[in-house]
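For reference, the structure is listed below as structure tokens.
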Amino acid sequence: MKISFHGADRTVTGSCHLVECAGKRILIDCGLFQGSRELAEDNAEPFGFDPKAIDYVLLTHAHLDHCGRLPLLARRGFTGEIIATAATRELARMVMLDSARIQEEDAERARRRRKGRPNDEDGDEPLYGVLDAMNVLEFFGRSATYDQPIDIAPGIRATYFDAGHILGSASILLELEERGSRRRLVMSGDIGNSGRPLLNPPKQPPQCDVVVMESTYGNRNHKPFGPSVEEFYSAIEETFQRGGNVIIPTFAMERAQELLYALHDAMVSDGRLPRAIQVFLDSPMAITATEIFRHHNECLSDEVADLFADGRDPLSVPGLHTTRESSESMAINRITGGAIIMAGSGMATGGRVRHHLKHNLWRADAGIVFVGFAAQGTLARTIIDGARTVRIFGEEIPVKAKIYTINGFSAHADQTELLAWHRSSRAARTYLVHGDEQVMQEFAPMLPDTEVVMPAMSAEFEL
């Protein structure tokens with residue numbers, strides 16, 4: 001029995017871990033590296049294992065940094081079975097097809113830039129295309145149900161349990177047996193932040209021998225969710241008092257739905273905000289993700305599931321306009337005040353929100369509300385850090401709008417929650433993944449009674 005590490009090792013993206021037992025090779029996630037150009041280039045490198053030799057992929061959830069290299073895995077020869085929860089299967093389909101479209105568009109832009117240069121006939125090939133994303137969908141086999149064991153193969157059993165991170169997310173207990181030796185291995189995936197309204201809190205892990213654990217926020221705690229929602233409402237009220245629009249760069253999965261839930265509460269349940277406000281969800285991906293939410297009560301908190309069951313949709317907002325077509329998106333920019341505009345992407349690295357920022361950043365009456373993590377080098381971080389002007393679509397745009405940053409909407413467990421989760425595992429050995437190396441070094445000494453390992457890329461260990 002062995003485990004090796006091929007992504008999210010001393011960094012926060014590209015989750016990919018390989019377990020070998022009883023003659024089978026099982027991949028836990030296969031995600032894209034995201035962030036710097038150097039990380040992006042890592043996506044095209046060899047996986048560190050033969051894709052043809054992988055028998056199973058156990059997918060923890062549908063974020064791009066956990067599922068985004070699956071089309072490439074299939075393109076390079078994988079023909080095994082992918083197992084995920086039903087909600088993860090639906091969301092992953094959406095995420096991978098969107099990623100494939102972006103890969104193709106980026107490659108086409110690169111070809112146009114290189115036209116007329118030496119070797120321009122070779123162009124820039126996409127990492128994978130839409131056909132690759134469609135192809136990998138054929139390998140999705142059995143659906144996992146929370147807390148119900150699946151016999152993967154002789155000597156290998158997997159039990160998915162609710163990670164509380166995004167819809168359908170799971171941590172996985174692997175019960176392994178080979179030549180009379182037995183090991184209980186828990187793969188955390190991404191662990192959710194308790195106290196958020198839509199999902200159940202993450203389930204504590206069972207006792208195990210070894211745990212592979214994310215450590216994204218291992219060095220700090222989050223602001224509570226309730227005060228963050230109040231801060232969100234205040235930002236809207238202040239902006240409307242000035243007569244401007246509220247622009248919210250929004251992640252399509254979870255964050256968009258949480259904001260809709262908060263707006264429903266304020267406009268329908270307690271009258272904090274007027275029902276007549278125009279609200280735009282200007283993200284085809286977020287619109288689709290919201291529809292998927294409505295189909296999966298099994299993943300939702302009891303309170304939210306009961307609302308859906310009673311025919312009271314907590315994601316419905318009076319005056320909500322969902323805009324899939326680009327022409328509808330462009331029409332929004334004729335509105336100069338009194339609207340809430342949620343659009344992708346969350347870090348403003350692309351998508352429709354850049355158009356809305358171009359039309360509103362220079363307005364002193366506008367409010368730009370950031371409700372998620374913004375990595376270094378992104379347009380969102382540049383604005384948050386106080387830039388006086390930013391370059392959008394080749395134009396220098398002055399930043400005169402009021403900038404709000406609200407930090408309590410994170411979908412990741414914070415330090416206190418991670419420590420409580422780990423105590424429940426009672427693992428003798430802990431592999432820390434999915435975190436910056438400095439964060440891991442601060443977090444590791446807080447884990448008593450366990451051997452802590454921070455694996456490097458391609459490192460392999462006996463289980």
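The values are calculated or read from the model by the stated rules, or taken from the named source; none is laboratory data. These numbers were taken from a predicted model, which means no experiment stands behind them. Backbone-built Cβ (ideal geometry, glycine too); neighbour counts: all protein chains shown.
So which residues in the stretch 339-353 are within 14 Å of Ala256 (Cα to Cα) and small (Gly, Ala, Ser), if there are any at all?
Matches in the stretch 339-353: Ala343, Gly344, Ser345, Gly346.
Yes/no per residue for (1) closer than 29 Å to Leu64 by Cβ; (2) touching a helix residue (DSSP H, G or I) at 6+ places or on another chain (Cβ under 6 Å):
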{"position": "Thr239", "(1), (2)": "no, no"}
{"position": "Met253", "(1), (2)": "yes, yes"}
{"position": "Leu263", "(1), (2)": "yes, no"}
{"position": "Leu273", "(1), (2)": "no, yes"}
{"position": "Ala276", "(1), (2)": "no, no"}
{"position": "Val317", "(1), (2)": "yes, yes"}
{"position": "Thr322", "(1), (2)": "yes, yes"}
{"position": "Ser327", "(1), (2)": "yes, no"}
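For the stretch 254-308, give me the residue count where each residue is more than 19 Å from the chain's Cα centre (by Cα), surrounded by 20 or more Cβ atoms within 10 Å (Cβ to Cβ) and not in a helix (DSSP H, G or I).
Final tally of qualifying residues: 3.
Just to verify a result, which residue in the stretch 309-344, among those that are in contact with an Asp or Glu (Cβ under 7 Å, 6 or more places away or on another chain), small (Gly, Ala, Ser) and outside any strand (DSSP E or B), is nearest to Asp265 (Cα to Cα)?
By that ranking, first place goes to Gly337.
Inspect the stretch 382-401 for any residue being assigned by TED's automatic domain parsing to the domain that holds Ser283, under 23 Å from the mean Cα position of the chain (by Cα), under 25 Å from Pro284 (Cα atoms) and of a type outside the set (S, T, N, Q) and give the result as yes or no.
So far as the stretch 382-401 goes, yes, one or more of its residues are assigned by TED's automatic domain parsing to the domain that holds Ser283, under 23 Å from the mean Cα position of the chain (by Cα), under 25 Å from Pro284 (Cα atoms) and of a type outside the set (S, T, N, Q).
Against the conditions (1) buried (at least 23 other Cβ atoms within 10 Å of the Cβ); (2) closer than 18 Å to Ser143 by Cβ, where does Gly80 fall short? Just the number, please.
The number of the failed condition is (1).
Given the conditions (1) assigned by TED's automatic domain parsing to the domain that holds Ala364; (2) within 17 Å of the chain's Cα centre (by Cα), report the number of the one that Asn245 does not fulfil.
Among (1) assigned by TED's automatic domain parsing to the domain that holds Ala364; (2) within 17 Å of the chain's Cα centre (by Cα), the lone unmet condition for Asn245 is (2).
Write out, first by first residue and then by second, each pair whose Cβ atoms fall under 8 Å of each other, whose residues are 6+ apart or on separate chains, and whose first residue, in the stretch 426-447, is farther than 14 Å from Gln415 by Cβ while the second is buried (at least 20 other Cβ atoms within 10 Å of the Cβ) and acidic (Asp, Glu).
Val433/Asp9; Val433/Glu214; His434/Asp190; His434/Glu214
Please name all residue pairs, on different chains or six or more residues apart, with Cβ atoms under 7 Å, provided the first residue is in the stretch 288-315 and is closer than 11 Å to Leu167 by Cβ and the second residue is among the acidic types (Asp, Glu).
What qualifies is Ile292/Glu90.
Regarding Glu20, is this residue out of contact with any helix residue (DSSP H, G or I) (no Cβ under 6 Å at 6 or more places or on another chain), modelled with pLDDT under 95 and in the same structural domain as Pro154 (by TED's automatic domain parsing)?
The answer is no for Glu20.
Return the total of residues in the stretch 158-211 being outside any loop (DSSP other than H, G, I, E, B), touching a Gly at 6+ places or on another chain (Cβ under 9 Å) and crowded, with 24+ Cβ neighbours inside 10 Å.
Number of matching residues: 5.
Tell me which residues, restricted to the stretch 6-57, are assigned to a strand (DSSP E or B) and not hydroxyl-bearing (Ser, Thr, Tyr).
Matches in the stretch 6-57: His17, Leu18, Val19, Glu20, Cys21, Lys24, Arg25, Ile26, Leu27, Ile28, Val57.
Inside the stretch 325-363, can you point out the residues that are loosely packed, with under 15 Cβ neighbours inside 10 Å and under 26 Å from the mean Cα position of the chain (by Cα)?
Glu325, Ser326, Gly350
Grab the helices (runs of 4 or more DSSP H) fully contained in the stretch 351-463, keeping just those with 1 or more residues being modelled with pLDDT under 95. Show your work before the answer.
Working: elements: 353-360, 379-384, 415-425, 437-443.
Passing ranges, in order: 353-360, 379-384, 437-443.
Report yes if Thr322 is closer than 21 Å to Phe251 by Cα, surrounded by 15 or more Cβ atoms within 10 Å (Cβ to Cβ), without any contact (Cβ under 8 Å) to a residue 40 or more places away in the chain and not aliphatic (A, V, I, L, M), otherwise no.
So Thr322 does not fit the description; no.
Being acidic (Asp, Glu), surrounded by fewer than 17 Cβ atoms within 10 Å (Cβ to Cβ), within 26 Å of the chain's Cα centre (by Cα) and assigned by TED's automatic domain parsing to the domain that holds Glu178, is that true of even one residue in the stretch 411-419?
The answer is no, given that none of the residues of the stretch 411-419 is acidic (Asp, Glu), surrounded by fewer than 17 Cβ atoms within 10 Å (Cβ to Cβ), within 26 Å of the chain's Cα centre (by Cα) and assigned by TED's automatic domain parsing to the domain that holds Glu178.
Test Arg142 against the criterion of being in the same structural domain as Tyr56 (by TED's automatic domain parsing), buried (at least 19 other Cβ atoms within 10 Å of the Cβ) and either modelled with pLDDT of 95 or more or outside any loop (DSSP other than H, G, I, E, B) (or both), and give yes or no.
It is false that Arg142 is in the same structural domain as Tyr56 (by TED's automatic domain parsing), buried (at least 19 other Cβ atoms within 10 Å of the Cβ) and either modelled with pLDDT of 95 or more or outside any loop (DSSP other than H, G, I, E, B) (or both).
Which residue pairs have Cβ atoms under 7 Å apart, sit 6 or more places apart or on different chains, and have a first residue in the stretch 130-141 that is under 16 Å from Asp98 (Cβ atoms) and a second that is modelled with pLDDT of 95 or more and of a type in the set (D, E, K, R)?
Hits for this filter: Asp132/Arg75; Leu137/Arg93.
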